[in-house]
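Values quoted throughout were computed directly from the atomic coordinates according to the rules given, and no laboratory measurement underlies them. Bear in mind the structure is a predicted one, so any value in this text is a computation, not a measurement. All Cβ positions, glycine included, derive from the backbone under ideal geometry; neighbour counts span all protein chains shown.
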Amino acid sequence: MAVGGDADVRPSIGSETRVIDAANGTILPAFNDAHVHFLMASRSLDDLDLFGAETQEEVARRIQVFADASHSAWLVGRGWFYSAFPGGVPSLELLDDLVPDRPAYLESFDAHTAWVNSRARAASGLGPGSGVLKEAAMLQVSRNLPPRRAEMDLASLRAGMRVAASKGIASVQEAGDGLAQLSLYETLRERGELTMRVRLAFDMIPGLDSAGWDKRLEEYETARVGHSGSWLHTGILKAFADGVVESRTAAVLEPYEGTTERGALIWEPDELEQAVRAADARGWQVQMHAIGDHAIRVALDAFAGCERGRRHRIEHIETPAAADVARFAELGVIASMQPQHADPNLTSVWRRNLGAERSARGWPWRVLLASGARLAFGSDWPVVPIDPFASLQIATEDHASQRVGIEQAVAAWTMGAAYAEHMERQKGALLAGMLADITVLDHDLASTPGDELAEIKVEATVVGGRLVYES
């Protein structure tokens, strides 16, 4: 209704109006997480959490404590770091020793590798073999996990929404598997329980011929109808061009350091280009997971010639070739990035696999922004915690090719993320007429030292004019 000083706002205060004093804190447009796996992360809140365990001994201790307290049919968890294990990967024998009585399935922090025990392999019909499964091979075991009822997922989402609200987040952009989740969010909306705005990405997978892809797009179009409002909408497709650097499944132009490996593209370039063009012609936006410089180049090639106004996106962009950085602005491709991925505590294996030269040009937020590209920031929760303030701290730290200013980093988490979902006229700024999505912080953001940004706390979060969190 109004933005301004006391004289502008106080006339709107009525007897039923809740007044929140921000004191010396900061009032911001609420954060918009441009890349998150919200349902997966919400489900994991009750599972074993291995994130932050820096040694094999600490990983083993957490597994043992959880196993002793849990009586579930499977032991499920996630978050282990590659760097915690000698050689960068855990062993089947270790997990067999720690969990001998039931199947165990533990995803790495980046969700691209699974650690399983012998009981999990046997329960999935697999014979003796490795305790480490990468990428698509993970499905051989994960499809056999105990099924979840809808009410279980609704309860998980409610818990996840409470976490998001406590971090000042009013909008999330779910990066994949959106069609399967549509009914869950629709149920929450119908019950009046939705406390954040959700954009769902539908899956775009290789292996379909043109007729099969057209049919899939028609099915998606049916689901899109009726889901274009400010609370729940879609209109975007998610594809994977490669894997991750840590497991050497990201597609790179030159071999990984000390090896002959280059990772692998998930799509053949021609097939990817045809699928993107077909989606673009039907009005769909496409977001492409691309981490290695080869995958990033192939993704940019696929977007070349598409409608600029579609705002196609590349996700992660960890190590682009220098020659491709300027192409983001030239093609109107949004750089959707997650600064916490560059946390030095997470990158030892990443840097070892890439070597010094490629590592030095990793996560080039500053260079992309200077070239005229649009930045959108997010968390990638549960890969890292859903924490805009940790993200702001890392994005503004003094790394030669990465550092951006605090205003630029906040803009990427607000207006940039809104632009990435075609919603910049409705949210992402504090302006009369915009959606009333607001967060109140306990610090003056402009005067907070960079190394203290991660300590900022949220005092209140408002979504659509409704107070959904207060400290």
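Table for the structure above
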{"quantity": "q = 0.08, 0.13 Å⁻¹: log10 I(q)/I(0) that the Debye formula gives for the chain, counting C-alpha atoms only", "calculated": "-0.47, -1.30"}
{"quantity": "DSSP-defined antiparallel bridges as percent of all bridges, segment 47-142, nearest 5", "calculated": "45 percent"}
{"quantity": "Cα pair distances of segment 228-357 binned at 10 Å [whole percent]", "calculated": "13, 42, 31, 13, 2, 0"}
{"quantity": "Residue-averaged [θ]222 nm for the chain, counting only DSSP H segments that reach four residues, each worth -39500 (n - 2.57)", "calculated": "-9000 deg cm²/dmol"}
{"quantity": "Charge dipole of segment 47-142 about the Cα centre (unit charges at C-beta), most positive-ward option of V59, A111, L139", "calculated": "L139"}
{"quantity": "Segment 190-231 - Rg and Dmax from Cα coordinates, angstrom", "calculated": "13.9, 41"}
{"quantity": "Among F389, V349, G160 the positive-end extreme of the charge dipole of the chain (Cβ point charges)", "calculated": "G160"}
{"quantity": "Solvent-free Debye scattering, log10 I(q)/I(0), computed from the Cα coordinates of segment 47-142 at q = 0.20, 0.23 Å⁻¹", "calculated": "-0.91, -1.25"}
{"quantity": "DSSP loop trypsin sites (Lys or Arg not before Pro) with at most 15 other Cβ within 10 Å: longest gap in the chain", "calculated": "283-424"}
{"quantity": "Scaled radius of gyration (Cα, divided by 2.2 N^0.38 Å) that segment 377-471 gives", "calculated": "1.11"}
{"quantity": "Debye, to nearest 20: dipole size of segment 47-142, +1 on Lys, Arg Cβ, -1 on Asp, Glu Cβ", "calculated": "280 debye"}
{"quantity": "Unsatisfied cross-links (Cα-Cα over 26 Å) in the set K167/K427; K238/K457; K215/K238", "calculated": "K238/K457"}
{"quantity": "At 1.002 mPa s and 20 °C, Stokes diffusion of segment 309-420 via Kirkwood alpha-carbon radius, µm² per second", "calculated": "153 µm²/s"}
{"quantity": "Fraction of antiparallel bridges per DSSP, the chain only, in percent to nearest 5", "calculated": "35 percent"}
{"quantity": "Spatial separation of Cα centroids for segment 80-116 and segment 189-239, in angstrom", "calculated": "34 Å"}
{"quantity": "For K457, distant residues with modelled amide H under 5 Å away", "calculated": "D442, H443"}
{"quantity": "Where only alpha carbons of segment 75-127 are counted, the Rg and the Dmax (Å)", "calculated": "10.7, 30"}
{"quantity": "Computed Kirkwood radius, in angstrom, where 1/r is averaged over Cα pairs of segment 284-325", "calculated": "10.4 Å"}
